[in-house]
């Protein structure tokens, strides 16, 4: 299947999830919300790993890859989402989500610096449009 197919699925679920999050945050703190979400996902992933047999990959993975995935989890699933829940709890969903969804700007810059990726006209122009959209939303 096409990577864009999976990206489209991610976009859809990423668009639906904040609605559930905003409703859930009306009675819960951002910390408890993130802890509950993380626990439930961990249980589901653990059960899937048992059933599919994919948990065995833990025994053969390299430490380097494992450490990078732990770092990715700390940045994306802990720090990013905790800040996201605080923002979502105290502001409107339609204002917060475009800001949190503008992370590709940071990714493009860091990919150029650390991964040696090249910037193209399309990437540059797309990044400029994202920044313009953020400026318009902030007003």
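Brief remarks follow.
- One residue from 88, 82, 137 being assigned to a helix (DSSP H, G or I), at pLDDT below 90, in contact with a helix residue (DSSP H, G or I) (Cβ under 6 Å, 6 or more places away or on another chain) and surrounded by 14 or more Cβ atoms within 10 Å (Cβ to Cβ): 137
- Selection status of residue 66, loosely packed, with under 13 Cβ neighbours inside 10 Å and not in a helix (DSSP H, G or I): no
- Residue identified as more than 14 Å from the chain's Cα centre (by Cα) and either surrounded by fewer than 10 Cβ atoms within 10 Å (Cβ to Cβ) or modelled with pLDDT under 95 (or both) among 101, 111: 111
- Condition check for residue 75: in contact (Cβ under 8 Å) with a residue 40 or more places away in the chain and in the same structural domain as residue 26 (by TED's automatic domain parsing): no
- Subset of the range 92-119 that is in contact with a helix residue (DSSP H, G or I) (Cβ under 9 Å, 6 or more places away or on another chain) and not in a helix (DSSP H, G or I) - its residue that is nearest to residue 15 (Cα to Cα): 101
- Enumeration of residues in the range 16-63 that are surrounded by 10 or more Cβ atoms within 10 Å (Cβ to Cβ) and not in a helix (DSSP H, G or I): 25, 28, 29, 61
- Selected residue (only one of 42, 52, 8 is closer than 24 Å to residue 137 by Cα and free of Cβ contacts under 8 Å to residues at least 12 places away in the same chain): 8
Let's see how each residue does on (1) more than 16 Å from the chain's Cα centre (by Cα); (2) assigned by TED's automatic domain parsing to the domain that holds residue 11:
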residue	(1), (2)
37	no, yes
56	yes, yes
68	no, yes
125	yes, no
133	yes, no
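The values are calculated or read from the model by the stated rules, or taken from the named source; none is laboratory data. The model shown is predicted, which means the values in this text are computed figures rather than measured ones. Note: ideal-geometry Cβ built from the backbone for every residue, glycine included; neighbour counts use all protein chains shown.
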